[in-house]
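The values are calculated or read from the model by the stated rules, or taken from the named source; none is laboratory data. Just so it is clear, the structure is predicted and the values come from calculations on it, not from any experiment. In this analysis, Cβ positions are derived from the backbone assuming ideal geometry, glycine residues included, and neighbour counts consider all displayed protein chains. Heavy atoms of the whole protein, side chains included, go into the accessibility calculation; ligands, DNA and RNA do not. Shrake-Rupley method; radii C 1.70, N 1.55, O 1.52, S 1.80 Å.
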Amino acid sequence: MTTYVPKAVQDALDAARMQGLKSKSRLRVSVEDQTFPVLRMWKDGFSVEAETAPQLRGLVDLYDGARHLSQCLIVASDLEGDEMCYEFKRATPAAESAPLDFYRAPDAPVALLAQDDSRL
């Protein structure tokens with residue numbers, strides 16, 4: 001038995017695999033006003049389609065649907081088939097609120113009620 005696959009069949013299989021990766025992932029990378037679907041993501045990087053995405057470099061934002069996941073500093077690492085792989089130099093998770101610049105005790109009250117002097 002041979003494992004020879006005609007070039008047309010191999011191209012169709014590669015196109016179907018790429019389409020499956022694009023439709024399965026909700027992750028997107030945003031650079032300025034452009035967004036590109038993330039095909040795969042791992043602990044210290046991600047990949048996008050090499051054909052449609054330009055050479056990305058620098059600061060990008062990573063989204064899961066509409067939810068902002070992180071702001072990342074990236075560099076291109078290598079080309080694997082139809083995917084361009086990028087590595088994180090830094091990935092800062094996005095926060096819902098600004099960080100506090102003071103220590104908040106765990107048992108601190110949520111709010112303070114003012115004493116009404118007219119009732120005394």
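Averaged over its residues, region 41-120 has an accessible area of 78 Å² per residue, based on protein heavy atoms and a 1.4 Å probe.
Under the convention that each Lys and Arg Cβ holds +1 and each Asp and Glu Cβ holds -1, the size of the dipole of region 22-81 around its Cα centre is about 300 debye.
Rolling a 1.4 angstrom probe over region 41-108 with all protein chains present gives an accessible area of which 51% lies on carbon and sulfur atoms. If R0 equals 41 Å, the separation of the Cβ atoms of GLN55 and ALA8 corresponds to a calculated FRET efficiency of about 0.85. Ranking ALA98, VAL48, PRO109 by Cα position along the charge dipole of region 40-120, where only Lys, Arg, Asp and Glu carry charges on their C-beta atoms, puts PRO109 farthest toward the positive end.
Close amide H partners of GLU83, meaning residues 5 or more places away or on another chain with modelled amide H under 5 Å apart, are ALA50.
Out of the trypsin sites (Lys or Arg not before Pro) in region 78-120, which ones are loop residues according to DSSP with at most 11 other C-beta atoms within 10 Å?
Those satisfying the criteria are ARG104.
Treating r as the C-beta distance of ALA66 and ASP107 and R0 as 30 Å, the FRET efficiency rounds to 0.25.
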